[in-house]
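The values are calculated or read from the model by the stated rules, or taken from the named source; none is laboratory data. Predicted model only: the values in this text are computed from it and were never measured. Here Cβ is always computed from backbone atoms with ideal geometry, including for glycine, and neighbour counts include all displayed protein chains.
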Amino acid sequence: MAPAVKLNTYTYQDYKNFDDSMRCEIIEGKIVMMAPSQTILHQEVLGNVAVLISDFVKGKKCKACISPLDVLLDYEYKGENSDIILQPDLLVLCDKNKLDKRGILGAPELVVEILSPSTLKYDLGKKMELYLAYGVKEYWIVDPHAKTIHLNYEVNKDYEETIFYLDEPDKNIIKSRLFEGLEIPLSEVFELGF
């Protein structure tokens, strides 16, 4: 059931009372509906990335988490009145104090979004802007159709971007700038089951 229309903005106080079947994010107080389900391609690529990153962080002081998991991005500044609640496809969190029954309270270290036609505008625009503004150090944008990964790394309050391509020999292994040793061949990211 959709929430009653409000003239002002929505916060976590409103969000936590939404019906569980309502898939949405709150971006600067505005409801942004999410697709009811993702494509098989999206799920396969996400699964591949999740396994590869989870294997890397195993035994380290970080945790990989997949969606749906609420990230109250501006929690540090607004607490329960947070009005930026996102559900990235995958994230890596290294500060266990940000892990809560409500989700992640603040910025994770790494966020991964898998592009789809319904999320393209937000993933490349507003979400990227918010992730940078609130302290996400590394933001990967995975394009399953182009078979590319855009690695955005925070430097001097801006993202520097490096693009990795499946079909380009010198750029077909994504190398994290944040996590030393996290190197993933794109052939494993875009390997499809059938």
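Numbers below:
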{"read-out": "Only listed residue being of a type in the set (G, A, S), under 20 Å from M22 (Cβ atoms) and touching a residue at least 24 places away in the same chain (Cβ under 8 Å), chosen from S118, S67", "value": "S118"}
{"read-out": "Condition check for V111: modelled with pLDDT of 95 or more, in contact with a Pro (Cβ under 6 Å, 6 or more places away or on another chain), surrounded by 18 or more Cβ atoms within 10 Å (Cβ to Cβ) and aliphatic (A, V, I, L, M)", "value": "yes"}
{"read-out": "Top-ranked residue of segment 19-58 - restricted to ones that are closer than 20 Å to I174 by Cβ and acidic (D, E), ranked as nearest to the chain's Cα centre (by Cα)", "value": "E44"}
{"read-out": "Filter pass, L69 being outside any strand (DSSP E or B), under 20 Å from F56 (Cβ atoms) and under 15 Å from the mean Cα position of the chain (by Cα)", "value": "yes"}
{"read-out": "Whichever residue in segment 57-94 is more than 16 Å from K137 (Cβ to Cβ) and acidic (D, E) and, among such residues, is surrounded by the fewest Cβ atoms within 10 Å (Cβ to Cβ)", "value": "E80"}
{"read-out": "Any hit, segment 174-186, residues being under 16 Å from the mean Cα position of the chain (by Cα), touching a residue at least 60 places away in the same chain (Cβ under 8 Å) and either closer than 18 Å to E44 by Cα or loosely packed, with under 12 Cβ neighbours inside 10 Å (or both)", "value": "no"}
{"read-out": "Exclusive hit being among the basic types (K, R) and surrounded by 14 or more Cβ atoms within 10 Å (Cβ to Cβ), set K98, K30", "value": "K98"}
{"read-out": "Selection count where residues are modelled with pLDDT of 95 or more and either assigned to a loop (DSSP other than H, G, I, E, B) or aliphatic (A, V, I, L, M) (or both), scope segment 90-106", "value": "9"}
{"read-out": "Any hit, segment 144-157, residues being of a type in the set (S, T, N, Q) and surrounded by 20 or more Cβ atoms within 10 Å (Cβ to Cβ)", "value": "yes"}
{"read-out": "Identity of the residue in segment 37-55, without any contact (Cβ under 8 Å) to a residue 60 or more places away in the chain and either in a loop (DSSP other than H, G, I, E, B) or hydrophobic (A, V, I, L, M, F, W, C) (or both), that ends up surrounded by the most Cβ atoms within 10 Å (Cβ to Cβ)", "value": "A50"}
{"read-out": "Complete set of residues in segment 158-173 that are touching a Phe, Trp or Tyr at 6+ places or on another chain (Cβ under 9 Å) and either exposed (fewer than 12 other Cβ atoms within 10 Å of the Cβ) or under 17 Å from A107 (Cβ atoms) (or both)", "value": "Y159, E160"}
{"read-out": "Segment 114-143: number of residues that are modelled with pLDDT under 95 and either part of a loop (DSSP other than H, G, I, E, B) or of a type outside the set (A, V, I, L, M, F, W, C) (or both)", "value": "11"}
{"read-out": "Hits in segment 144-194 - residues which are aliphatic (A, V, I, L, M) and part of a loop (DSSP other than H, G, I, E, B)", "value": "A146, L166, L178, L182, L192"}
